[in-house]
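One structure is given below, encoded as structure tokens.
Nothing in this text is a laboratory measurement; each read-out follows from the coordinates by a stated rule. None of the values given here were measured: they were computed from a predicted structure. Because the Cβ atoms are built from the backbone with ideal geometry, glycine has one as well, and the counts that use them run over all protein chains shown.
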Amino acid sequence: MSTLSRTCLWGWGRTNPTVADEVTVTVDGLAAAVKEAGRRGVLARGLGRSYGDAAQNGGGVVIRLASGAGDIVLDQAIGVVTVGAGVSIDELLRVLVPRGFFVPVTPGTRFVTIGGAIASDIHGKNHHVDGSIGKHIESITMMLADGSTSTVGPDSNPALFWATVGGMGLTGIMLDARLRLIPIETSRMRVDTTRIADLDELFATMSSGDDDVRYSVAWIDLVAKGRHLGRSVLSRGDHARLADLDARQAVAPLDYDPHQLVAVPPVVPPMGVLNHASVAGFNELWFRKAPVHRVGEVQGLGYFFHPLDLVGSWNRLYGRRGMVQYQFVVPFGQEEAMRTVVERLSASGAASFLAVLKRFGEANPAPLSFPRAGWTLALDLPGASRGLGDLLHSLDRVVLDAGGRHYFAKDAHTTPDAVRRGYPRLDEWKSVRDEVDPRRIWQSDLGRRLGLI
Amino acid sequence: MENALGQPQTIVLLGGTSDIGLAIVRRLLNPTTTTVVLACRDAERGERAAAGLRHDHLTVDVVAFEATATDQHVELARSLTAKYGDIDIAVVAFSLLGDGDVTSVDVAAAVEIAEVNFTGVVSSTIAIANQMRGQGHGSIVMLSSVAGERVRRGNPVYGGTKAGIDGFAQGLGDSLAADGVHMLVVRPGFVISQMTTGLKPAPFATTPEKVAEATVTGLRAKRRTVWVPGIIRYVFSVLRHVPGPVWRRLPLG
């Protein structure tokens, strides 16, 4: 097997790194690498796009699964792909889209692996209709703590399957998964954009119209105050049909070649360039430039789903202190809690770059899956913001009192107590985990910090 | 495990009754902190200090720690990790000041101070640092002093030990960086505290609370050294170049 190398690993937020022994292995070398597990255990790491410490294992072993040929096997007849856990959604889409298929769920970036996507039970703009990724998986093949390989699915060892979906990599190392795809006619989106004046209008518009559209998300300006509180731009759409394309586009309807426009250089001023003034200015500009109401605009897949991928390494813009992402969900009926959070963020003067508000559909059976019916808000804050700790802990209380919870893939600050309150089925997950990993081979910084291990 | 905002879950204070140490712990406390361990010689005073920190969601334990019992330090550090999990921040705050007039001439008194302030600090710090190497993260706060920046005739033993641990901590900190462990050397001027009761405050005297504030800021910014108050850094950059015959005559006590 490859040699271990002592490496400092960060999350996407670049806040609290730890040092681990990192090794890249093929599936064949995996069992040997897992045997290296010492007291600090082993964790598989994908592309490191979780914001906090989910893909770190300080003092332990961190495994990267090398992707190789044959990692993407598409059965076009039934629209199911068998994909290696180390394959990214970017790589997958480059194979799928030209053949007329799309992933059932994609997050806001293409640069996540399938293993990471399942471990976080990722959701996308279509959660209110299609649920999170766990719902679209036929089976997962995984290596267990004892070195054996097992295939699990909703019908075969469902307890382990659902513990693995959203299980943050703490039940085993996924090798591959069978994923049901959705067929598409074109590589374009048909998008409606609407400016929304305030939070009340946003709740009302999304509550009434979301169910008729597959993809729906609102970009909300958390710097706006007073009567502009909660002003947003609602973006809704679906995959464009052939008939939606103009003659030029229709020549190659499934053409797909997403690329980066620009990358942030490694050298950024230590204090970062995103502060209250620059963020407020950007948010204002972005709101003004959005159309009051525009229907049926045809956009590229990348522009619609992964706008942040247009700028490489954008997380560097936050400077040496990095950024903290905060994402939570509160159930329907708790709109006042959401309003309190938005008010506090706006009043705090924290420089929150565009935040995302979305309506979730029903939860799936996974005990640690984040999405549940309700409203979710995701926002980025500079790690250097004054009083950020107090602000976030005060928001935690509002969220938990409303029966809400936090998203592990984004979390970088909360407490074991908040997890126990937010995830009442934690013990159920732990009992499944105890059965498959009594010796705690699978560990992570997040697991230790939040009391999952 | 510390969170993204540098808020620790577990804090260990070596010198569990130190005014400055306790002020730093208080300043670090936040809703994510679950455990504080006060390691000290005097269990009774440790218990009083613990009572002052405890609240509903915070465990504060007092453990026996003898700086000169260096053969026990490895086991102590190991048992802390075994019982409390990862140590996020360790504050090394114990030292003896001694009476300069006595320690300058009394061998036994001088050795006691040297053993606690230097040997004890080196031994216990390495023991804790080894645990942190194993966890791949952690921060150590070393309470040095401007007394070690240029040692005064008034208290050469104390000043000498502070000069020693200051250099030790810087070097150890550099060796720990590759393992994800951060060392912060704190150099306060004269601190008005129980240690200096009865002494006349020197110019630029500061308080444990101010030292704590500067320490926490330094930890978050991952600094290598902090001076308290900040200006004393510049004062000492002049003083250290004062010619010896002049330095000797300065009324610095």
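Report the convex hull volume per residue for region B:37-157, counting only C-alpha atoms, in Å³. Don't skip to the answer; put the middle values down first.
On the way: hull volume 14.8 nm³, N = 121.
Convex hull volume per residue, Cα atoms: 123 Å³.
In whole angstrom, note down how far apart the Cα centers of region A:56-93 and region A:122-145 are.
One Cα centre to the other: 14 Å.
Per residue of A:14-21, how many C-beta atoms from partner chains lie within 10 Å of its own C-beta, taken as a mean?
Mean inter-chain Cβ contacts per residue within 10 Å come to 5.
Take the alpha-carbon positions of region A:22-108, form their convex hull, and give its projected area averaged over all directions (one quarter of the hull surface) in nm².
6.8
Quick one: work out the % antiparallel among DSSP beta bridges in the protein assembly as shown, nearest 5.
Antiparallel: roughly 60 percent of the beta bridges in the protein assembly as shown.
Mind checking the alpha-carbon convex hull of region B:71-141 and giving the volume per residue in Å³? Don't skip to the answer; put the middle values down first.
Details: hull volume 5.7 nm³, N = 71.
Output value, Cα hull per residue: 80 Å³.
Need one value for B:133-145: mean number of C-beta atoms belonging to other chains within 10 Å of its residues' C-beta atoms.
Whole-number average of other-chain Cβ neighbours for B:133-145 is 4.
Where the centroid of each part is defined by its Cα atoms, how far is region A:216-256 from region B:210-229 in Å?
Each part reduced to its Cα centre gives a spacing of 47 Å.
Could you work out how far apart the two model spin labels at A:ASP434 and B:ASP71 are, taking each label as a point 7 Å from the Cα in the direction of the beta carbon, and quote it in nm?
Roughly 4.1 nm, to one decimal.
Would you calculate the separation in nanometres between label points at A:GLN260 and A:LEU310, each defined as 7 Å from the Cα along the Cα-to-beta-carbon direction?
Distance between label points: 1.6 nm.
Taking each residue in A:414-424, count the Cβ atoms of any other chain within 10 Å of its Cβ, then average. What number comes out?
Average neighbour count from other chains, rounded to a whole number: 2.
Just subtract the alpha-carbon distance of B:THR217 and B:HIS55 from 0.36 nm times their residue separation and send over the number in nm, one decimal.
Taking 0.36 nm per residue and subtracting the Cα distance, the gain is 55.9 nm.
Quick check on chain A: helices-only [θ] at 222 nm, where DSSP H runs of length 4 and up contribute -39,500 (n - 2.57) each and the sum goes over total residues. Nearest 500, please.
Mean residue ellipticity, 222 nm, calculated: -7000 deg cm²/dmol.
Treating chain B as a set of equal point scatterers at the Cα positions, no solvent, please give the Debye-formula log₁₀ I(q)/I(0) at q = 0.12 Å⁻¹.
-0.66
By counting other Cβ atoms within 10 Å of each Cβ, how are B:ARG224, A:ARG39, A:ARG188 ranked from fewest to most?
Working: B:ARG224 14, A:ARG39 11, A:ARG188 27.
Fewest-to-most ranking of B:ARG224, A:ARG39, A:ARG188: A:ARG39, B:ARG224, A:ARG188.
Report D for region B:133-253 in µm² per second (integer): Stokes-Einstein, Kirkwood Rh on Cα pairs, 37 °C, 0.692 mPa s. Can you show the working numbers first?
Details: Rh = 15.3 Å.
It diffuses with D of about 215 µm²/s by this estimate.
Taking Cα atoms of chain A, Rg/Rh with Kirkwood Rh, to two decimals?
0.95
What do you get for Rg/Rh of region A:263-363 when both radii come from the Cα atoms and Rh is the Kirkwood radius?
In region A:263-363, Rg relative to Rh is 0.99.
May I ask you to derive the relative contact order of chain B, considering only C-alpha pairs under 8 Å and at least 6 residues apart, and to give it as an integer percent?
Working: 471 pairs, mean separation 46.8, N = 253.
18 percent.
Given a Förster distance of 25 Å, report the FRET efficiency between A:SER208 and A:GLU336 from their Cβ-Cβ distance, rounded to the nearest 0.05.
For A:SER208 and A:GLU336, the calculated efficiency is 0.85.
What is the list of residues in region A:175-192 whose amide nitrogen lies under 19 Å from a point 7 angstrom out from the Cα of A:ARG94, following Cα to Cβ?
A:187-188
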